Amino acid sequence: MTKPSPADAMPWVGLYICVASLACTLAMAADVFLGFRQRKLWFPCRFFTINAASITLIAISTKIAVDLSIDGDNVYEGEATYVTLIFLTIMLANSLPSLGLMNDKELVLNTVALCILILTIIVNMLIQRIDDSYSFEINVLSILLPILLIPWPFPAALTVSASRRVLQQRYKELHRLASNHQEMKFSRKGLIRYVKKYWMMTETGNPQFAIACSPVSSAFGVICSLYACTSILSIISQVLYAPNIQNNKSDYKWSISAIIILQSIGIIVGSIAPIFRCLTTTTHFNLSKKWSKHNINVFRVPKHWTQRLQLWKTSHVPSYVPGRHRKKVFRNIRNTILNFCIALQIMIVVVSNIISVIPIFLLILFSYCYYFVKSCLKRFKEEPNACNSIMTSDIEEYSGYVLQIETDVKLSKRILRNVLNSITRLLNESEEKEPRNLMKLLEKSTGFNGVVEFDNDQIPPLHPQEIENCWSLVVVTLTTITLLLPNISNGHINGLLASMNEGLHFVRHIEESLNSNDDLVKARKAARHVWTDVEVDRKWLQIDLQKKAHKGKTSEKILQWLGDEAVKIVIQFKTRKNVSLDHSLHKFIVASSMYRISQTILLHCNEQENWPTDEVLFEFISTLIADLLCACFTNLPRVIAMKCHEDAIEKREDSIRIAAQLLGRSKKILKMLKARQLPNLDMDSMAYIDKWQALSMTQIPNGCSAGIQSVSSSSNESLVKAVQKKDVKLG
């Protein structure tokens, strides 16, 4: 039996390289798909970004380039090395905009890691050349060009800090301008204008957008178009010469061909984003004499490209360098290195400008032809277009909220029109996803009485220190009670659950934006945990709701049983040991809420002449939920405005998108609330359910007393006294 050699495992190493290459290709394809779907033809990086995971995948997929055992005389291995270097260049070009969303620490760590990988590849390539393991049949330029292109992302990385600082400063100025508005209340048109202003700031002030429209990105687009053509030829040659794979003497055997084909496909897919970014850059600004002068002047280098290096050059010498002479030597060496880096930076920008001139000249030629044809057609037909006039007025209104690093030239109307079209499209798509089930529930509400009626002060507390209520906890508790009511059809129950699911989407955004103190955060987390169990498993604190509801108990007995169970859980919270504090606290919060609400409903029913039927009780609780949700939704305009503004530049796009989606989906909700009179509460107090509950019935607009009178809570009182004696404490 022959002993297996390391060479026998090489095909599996090749397969490992194929898997890594496929992962990178799929991530780049996902960014391309998302860019087309959102109609952002500058393709922001969401999936294929420069981070620890992607650098690891890049290192694995480029193993061929660092393999010193590669035989240059082997046609397959030589071509694989060439394809790998191009694939690396394409991946760097693809992930270039992702540098814009990194803070200084992330930028340094990721750039250093990428630099180490690239230096390793270049050094290995040089060792192969010195060792003469490479055949001269391989075109030296074909290997040299990708190696020269590989360091190009680093000049863009050096501009990130300066670009972000400029964009952030201008964003703050425009934020002050946009936020100088009167209180919008429930004015949908006012909210739309407000969202559009911040959408324009966010889209044009995106650091990824700034890098995607840079000369380096544009140059990458021109080069990638050439590489994509060569990759198509490479795939064709591999398919045509597939029968000769048996004569392949490479240690990688059959996997070498798979590597070439997969990475060639990756080059083609990965070239789409850089090519479109190049076209976007070319049409980025208004075509004018000033724009043409700036772009045709290839030796013009904006100051933000060298600003970081200049700052390092003028920084003081570290104090740990001893002696005047040593400090002088240190400064001279540092400045010499930085001067070389500045010269290299300028050279790369100039070369990028020269390459970018190619599509610029094509654009100028195309523009002259387009305007000539357009002027000819105007002689024969000219009809005013209402849509165009509206879009033109919108562009004029929102163009003042454009963020740019260089303000001497203006963005093209096409870019501004695309930005406004994207937010209009998002609003329309969100309107189509209106919460229909929720609206059916809200129609049961005629005022805000339920905010006062859900809890009665006459109910004795389970603990001297009462928990703070939050919107989600109360409505989830009320919904849980409805699941226990007998003689209620599944259609009504499922309809209420569907309504709650849609309503909690809005409630959570409101609470996360406005209810930030620790007690309310704990209550919100408890509500989220219990809602998952209620919705999915029909369980409340591990108690099967459906089984308990079908044991022949009346609604009165069920409400009494709920109160008893809640008290038992509170007692267990104090007496049990060796349990998770967070889990026990959540159970305590949920049980305390259930006790007060269930006993309030019990009191309400007892004071009626006859105990209400199950259907009437279900409608009563549903109306309470609807009133509570309406009261909570009065905070929606404020939350939408808050979501528009986000200080962190990395989170800004997601935040404004959420604001637009909330505005679109809440169209009918805002219309309903606009017709209602609000209680006399200030804006801050309206965010808290306890502030609403503190109002009297006379302070609720169109409110009327439910006539709840004092009735003994009998069987619960002994248990309540037992709890108070044990001095149960939160946490």
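The values are calculated or read from the model by the stated rules, or taken from the named source; none is laboratory data. Source: prediction; values computed, not measured. FYI the Cβ positions are ideal-geometry reconstructions off the backbone, even for glycines, and counts take in every protein chain you see.
This table checks each residue for (1) under 22 Å from Ala566 (Cα atoms); (2) assigned to a helix (DSSP H, G or I).
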| position | (1), (2) |
| --- | --- |
| Arg425 | no, yes |
| Asp457 | yes, no |
| Asn469 | yes, no |
| Val476 | yes, yes |
| Glu512 | no, yes |
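Return the total of residues in segment 687-702 being within 14 Å of Asp627 (Cα to Cα) and under 30 Å from the mean Cα position of the chain (by Cα). Of the residues in that region, 1 qualify. Being among the charged types (D, E, K, R), crowded, with 22+ Cβ neighbours inside 10 Å, touching a Ser or Thr at 6+ places or on another chain (Cβ under 7 Å) and at pLDDT 85 or above is true of Glu511. Given the structure, is Ser422 at pLDDT 65 or above, among the hydroxyl-bearing types (Ser, Thr, Tyr), in contact with a Lys or Arg (Cβ under 8 Å, 6 or more places away or on another chain) and not assigned by TED's automatic domain parsing to the domain that holds Ala212? Yes, satisfied. Figure legend. Inter-residue proximity from segment 153-174: first residues at positive phi, second residues outside any helix (DSSP H, G or I) and among the aromatic types (Phe, Trp, Tyr), beta-carbon distance below 7 Å, spacing 6+ or different chains. No pairs are indicated. Within segment 631-650, the set of residues being more than 14 Å from the chain's Cα centre (by Cα) and part of a helix (DSSP H, G or I) comprises Ala631, Cys632, Phe633, Leu636, Pro637, Arg638, Val639, Ile640, Ala641, Met642. Within segment 452-487, the residues that satisfy the criterion of being under 20 Å from Trp531 (Cα atoms) and of a type in the set (Val, Ile, Thr) are Ile467, Val474, Val475, Val476, Thr477, Thr479, Thr480, Ile481, Thr482. Quick check on segment 126-146: of everything there that is touching a Leu at 6+ places or on another chain (Cβ under 8 Å) and either at pLDDT 80 or above or in a helix (DSSP H, G or I) (or both), which residue is surrounded by the most Cβ atoms within 10 Å (Cβ to Cβ)? By that ranking, first place goes to Pro146. Exactly one residue among Ile493, Ile467 is aliphatic (A, V, I, L, M), at negative phi and free of Cβ contacts under 8 Å to residues at least 40 places away in the same chain, and that residue is Ile493.
Here is the figure for segment 204-237: residues that are of a type in the set (A, V, I, L, M, F, W, C) and under 33 Å from the mean Cα position of the chain (by Cα) total 12. Please tell me if Thr407 is farther than 24 Å from Phe36 by Cβ and either basic (Lys, Arg) or at pLDDT 90 or above (or both). It is false that Thr407 is farther than 24 Å from Phe36 by Cβ and either basic (Lys, Arg) or at pLDDT 90 or above (or both).
Listed here are the residues, each with its yes/no results for (1) modelled with pLDDT of 90 or more; (2) surrounded by 21 or more Cβ atoms within 10 Å (Cβ to Cβ); (3) at negative phi.
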{"position": "Asp8", "(1), (2), (3)": "no, no, yes"}
{"position": "Trp12", "(1), (2), (3)": "no, no, yes"}
{"position": "Leu34", "(1), (2), (3)": "yes, no, yes"}
{"position": "Thr49", "(1), (2), (3)": "yes, no, yes"}
{"position": "Lys63", "(1), (2), (3)": "no, no, yes"}
{"position": "Val83", "(1), (2), (3)": "no, yes, yes"}
{"position": "Phe87", "(1), (2), (3)": "yes, yes, yes"}
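Among the residues of segment 104-125, the one identified as farther than 15 Å from Thr84 by Cα, buried (at least 17 other Cβ atoms within 10 Å of the Cβ) and among the β-branched types (Val, Ile, Thr) is Thr111.
Can you pull out every residue in segment 14-32 that is more than 21 Å from the chain's Cα centre (by Cα), buried (at least 22 other Cβ atoms within 10 Å of the Cβ) and either closer than 17 Å to Phe209 by Cα or hydrophobic (A, V, I, L, M, F, W, C) (or both)?
Ile17
With the structure loaded, tell me whether Phe506 is of a type in the set (Phe, Trp, Tyr) and not in a loop (DSSP other than H, G, I, E, B) or whether it fails that test. Spelling it out, Phe506 is indeed of a type in the set (Phe, Trp, Tyr) and not in a loop (DSSP other than H, G, I, E, B).
The set of residues in segment 657-689 being of a type in the set (A, V, I, L, M), touching a residue at least 40 places away in the same chain (Cβ under 8 Å) and not in a helix (DSSP H, G or I) consists of Leu678, Met683. In segment 447-460, the residues that are more than 20 Å from Glu619 (Cβ to Cβ) reach residues that are small (Gly, Ala, Ser) with C-beta atoms within less than 8 angstrom, at least six apart or across chains, in these pairs: Gln458/Ser710; Ile459/Ser713; Pro460/Ser713.
Quick one: would you say Ile268 is out of contact with any strand residue (DSSP E or B) (no Cβ under 7 Å at 6 or more places or on another chain) and at pLDDT 90 or above? So Ile268 fits the description; yes. Identification of helices (runs of 4 or more DSSP H) wholly contained in segment 534-613 with 2 or more residues that are modelled with pLDDT under 85, of a type outside the set (Ser, Thr, Tyr) and loosely packed, with under 13 Cβ neighbours inside 10 Å yields 545-549, 581-606.
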